[in-house]
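Worksheet: the structure to be examined is printed underneath.
The values are calculated or read from the model by the stated rules, or taken from the named source; none is laboratory data. What you see is a predicted model; the values in this text were computed from it and never measured. Because the Cβ atoms are built from the backbone with ideal geometry, glycine has one as well, and the counts that use them run over all protein chains shown.
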Amino acid sequence: MNEPRVIVETGCRLHFGLFSLGKSPGRRFGGVGVMLAAPRLELHVSASMPFAVQGEQAARLEAAAAAFFQRHAI
């Protein structure tokens, strides 16, 4: 049986900041950015016992997850 999982794949985006669009009604600020194909992120999330992290940034992600779990009493 296939376990439920979530897969997120994305490139990266460089943000160059927010800009004022003047005194026009409605939206008064806009952003400028560009999408890049690389570097990219591919994240697979599924239920696991015990909790496990794999990949190049495993130690960094595991520390972030531990902080999240502690903060939210999970």
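Give the number of residues within the range 37-58 that are surrounded by 10 or more Cβ atoms within 10 Å (Cβ to Cβ) and either basic (Lys, Arg) or farther than 16 Å from Val6 by Cβ (or both).
Of the residues in the range 37-58, 3 are surrounded by 10 or more Cβ atoms within 10 Å (Cβ to Cβ) and either basic (Lys, Arg) or farther than 16 Å from Val6 by Cβ (or both).
Within the range 20-74, how many residues are among the small types (Gly, Ala, Ser) and in a loop (DSSP other than H, G, I, E, B)?
The total comes to 8.
For Val32, are the conditions met, namely being exposed (fewer than 10 other Cβ atoms within 10 Å of the Cβ) and in contact with a His (Cβ under 8 Å, 6 or more places away or on another chain)? Give the derivation first.
Values: exposed (fewer than 10 other Cβ atoms within 10 Å of the Cβ): no; in contact with a His (Cβ under 8 Å, 6 or more places away or on another chain): yes.
Spelling it out, it is not the case that Val32 is exposed (fewer than 10 other Cβ atoms within 10 Å of the Cβ) and in contact with a His (Cβ under 8 Å, 6 or more places away or on another chain).
Do you know which residues across the range 1-12 are under 14 Å from the mean Cα position of the chain (by Cα) and either surrounded by 10 or more Cβ atoms within 10 Å (Cβ to Cβ) or modelled with pLDDT under 85 (or both)?
Thr10, Gly11, Cys12 - these are the residues of the range 1-12 that are under 14 Å from the mean Cα position of the chain (by Cα) and either surrounded by 10 or more Cβ atoms within 10 Å (Cβ to Cβ) or modelled with pLDDT under 85 (or both).
Which of the residues spanning the range 24-74 are modelled with pLDDT under 85 and on the phi > 0 side of the Ramachandran plot?
Gly26
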